[in-house]
Amino acid sequence: MHETQLSLDMQRPQSSTTPSPIVAANPDSRRQWIWDGERQAFVAGTLREAMLVRGFTPHSLAVSARVAESTMYNALAGRPTRLRTARRVLETLAGVEPKFELSRLGRAATF
């Protein structure tokens, strides 16, 4: 079974059982997935973190991504969204550099 997942850098793993070479070589370099294509939904916690480090509020991200604010709140709740919505949100997030690093369990995580 193939999983379709997108990280903020828009890379896809080949399958759920085949880890990418980066993950296999160095587990600390693993990126958090922000979009779960199988569920057609954002991973809520990772989306919130990506917004936080870029200085977005739900309202400002909705305006920048040209999606409804209610859609943005649904995405933040982990509810399914359309692919067009996911693309707009991901492209908007990818276009803004993180302003700071978020520390998680003793290691720095940049989204």
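The values are calculated or read from the model by the stated rules, or taken from the named source; none is laboratory data. This is a predicted model, so every value here is computed, not measured. To get the accessible areas, we keep the full protein, side chains included, count just its heavy atoms, and leave off ligands, DNA and RNA. Shrake-Rupley method; radii C 1.70, N 1.55, O 1.52, S 1.80 Å.
The figure for R87 is an accessible area of roughly 150 square angstrom, using a 1.4 Å probe on the protein chains alone. Annotation: amide H of A41 within the under-5 Å range of D36, T81, sequence separation 5 or more or interchain, hydrogens built in the peptide plane.
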